[in-house]
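These notes are about the structure you will find just below.
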Amino acid sequence: MLKDRKIILGVTGGIAAYKAAELVRELFRAGAEVQVIMTRSAQAFVTPLTFQTLSGNQVTTELFNLIEESKIRHVALADKAEALVIAPATANIIGKIAAGIADDMLTTVVMATRAPILLAPAMNVHMWENPICQENIAKLRSRGYHFIDPEAGELACGYEGKGRLAEIPAIVEEIRTLLSPKDFSEEKVLVTAGPTEEPLDPVRFLTNRSSGRMGFALARAARRRGAEVTLISGPNALPVPQKVKYVPVRSADQMREAVLNHLQNASILLMAAAVSDYRPKKTSPEKLKKSLLETVLELELNPDILAEAGKKKDSRIIVGFAAETENLLQNAREKLKKKNLDLIVANDVTLPGAGFEVETNIVKLLDRSGKIEELPLMSKEDLADRLLDRVARLRKS
Ligand code: PMT
């Protein structure tokens, strides 16, 4: 969703200016067109050449430049931007914007743009806590400016406290949010992700290769689009998405209980979890002896959570996934009907770049009318948005 989006990044003069280089890299990698504006003091910390190399675009440093000024450049930049991000944002730039000062390229673009503006402050803890700085932030917030608060920790000035620039992935996530439509603001979205683990004894369990990536991407995308999101996930190694209610579970039974508890409140259920179909019939409280394993390993069926949710469907939209290695469409169609779904995401997990663990997926979307939408290889992040686009259309139909 960042592909070809036009983002202006303002870099101001603080030690965290070097971290802005990583931000440019991440945005560039995601396909965004990044135009960097540096204040004079930012150039004391990092050279414009660094940002020019990373963004592939000329860096703007001066308000009046005889070569660049064929057009009124600050207005041209302001008009072009889809989002303006200032990272790091010093107490000085926050104060200047709050006071309406426009005396360099960055502050004039801030004044002239209609794009949403995100500030990522970084400064000494006493400067951050200074009531004047906090008043300026409150004033800007009340005028619709967005902030991603600094983190607490060891500061470059030697102090401990709040003032470190927010982590780069968190800033990127906020930029994605800024650029997302808010078409899910009326929705309560329940997402499941990851595998389940079915214990045999204290050290052994049955599980599968799901990493949780697909479900986590769905939770993030729904949150960015304004939904209230609950994410129920089996064991995983992923960071918990911001501003999402997170419910960790282990077994299919625990996932079932969590889904049924939250279903009542949900208007949409997206079931991306790879629930183990079977579990050991008995769980031993002690580690089983190797010699016993063959004789005690009896399996029984787990509850089908999605089918149970399908029976309580009412007006909510329910989307399932089908992870298949053969007869993709036929199996997916059967699951769509049997589990009373609105849509099923058919996932041929044998294709390279699709299914478990990887960052990408290749799927076909099947709806109740029999319509099939084939999607090419794309990141799970992009697929999440494509799937939500489809859910939004279903909601309108
Ligand atoms: O987590 P990743 O590494 O990113 O991988 C993503 C994924 C491959 C796990 C995901 O894209 C996917 O395909 N998820 C569904 C996996 C699966 O369990 O498929 P299934 O065909 O066995 O189940 C069909 C549907 O019923 C699924 O929505 C599943 O959540 C649900 N189900 C299955 C069994 C069960 N006992 N209860 C269920 O609710």
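Against the conditions (1) over 30 Å from residue 388 (Cα atoms); (2) surrounded by 24 or more Cβ atoms within 10 Å (Cβ to Cβ); (3) within 16 Å of the ligand (Cβ to nearest atom), where does residue 121 fall short? Just the number, please. Every listed condition holds for residue 121 apart from (3).
When the residues of the stretch 211-230 are filtered to those that are small (Gly, Ala, Ser) and within 21 Å of residue 181 (Cβ to Cβ), the one that is farthest from the ligand (Cβ to nearest atom) is 226. If only residues of the stretch 231-289 that are under 10 Å from residue 192 (Cβ atoms) and assigned to a strand (DSSP E or B) are counted, the one that is farthest from the ligand (Cβ to nearest atom) is 247.
For the stretch 194-212, the count of residues that are within 15 Å of residue 388 (Cα to Cα), at pLDDT 95 or above, among the acidic types (Asp, Glu) and surrounded by fewer than 21 Cβ atoms within 10 Å (Cβ to Cβ) is zero. I'd like to check something: does the stretch 297-319 contain any residue that is closer than 21 Å to residue 354 by Cα and surrounded by 13 or more Cβ atoms within 10 Å (Cβ to Cβ)? Scanning the stretch 297-319, I find at least one residue that is closer than 21 Å to residue 354 by Cα and surrounded by 13 or more Cβ atoms within 10 Å (Cβ to Cβ), so the answer is yes.
If I ask for residues that are farther than 21 Å from residue 237 by Cα and either assigned to a helix (DSSP H, G or I) or under 15 Å from the mean Cα position of the chain (by Cα) (or both), which ones from the stretch 371-388 would you list?
At the first step, the residues of the stretch 371-388 found to be farther than 21 Å from residue 237 by Cα are 371-378, 385-388.
385, 386, 387, 388, listed by residue number.
Evaluated against (1) in the same structural domain as residue 290 (by TED's automatic domain parsing); (2) over 14 Å from the mean Cα position of the chain (by Cα), residue 212 falls short on exactly one condition, (2). Considering the stretch 1-33, the residues that are in a helix (DSSP H, G or I) and touching a residue at least 60 places away in the same chain (Cβ under 8 Å) include one that is surrounded by the fewest Cβ atoms within 10 Å (Cβ to Cβ), namely 22. Among the criteria (1) within 22 Å of the chain's Cα centre (by Cα); (2) part of a helix (DSSP H, G or I), the one residue 108 does not fulfil is (1).
For the stretch 188-210, a residue qualifies if it is among the acidic types (Asp, Glu) and either within 16 Å of the ligand (Cβ to nearest atom) or in contact with a Gly (Cβ under 8 Å, 6 or more places away or on another chain) (or both), and the qualifying residues are 197, 198. In the set 311, 335, 290, only one residue is over 27 Å from residue 380 (Cα atoms) and modelled with pLDDT of 95 or more; that residue is 311. Only a single criterion out of (1) within 19 Å of the chain's Cα centre (by Cα); (2) within 14 Å of the ligand (Cβ to nearest atom) is not satisfied by residue 391, namely (2). Here residue 94 meets the list (1) at pLDDT 95 or above; (2) surrounded by fewer than 23 Cβ atoms within 10 Å (Cβ to Cβ) almost entirely, failing just condition (2).
Within the stretch 111-132, the set of residues being in contact with a Pro (Cβ under 8 Å, 6 or more places away or on another chain) and not in a loop (DSSP other than H, G, I, E, B) comprises 120, 121, 128.
The values are calculated or read from the model by the stated rules, or taken from the named source; none is laboratory data. No experiment lies behind these values; they were computed from the predicted model shown. Positions of Cβ are backbone-derived with ideal geometry, glycine not excepted, and every protein chain shown enters the neighbour counts.
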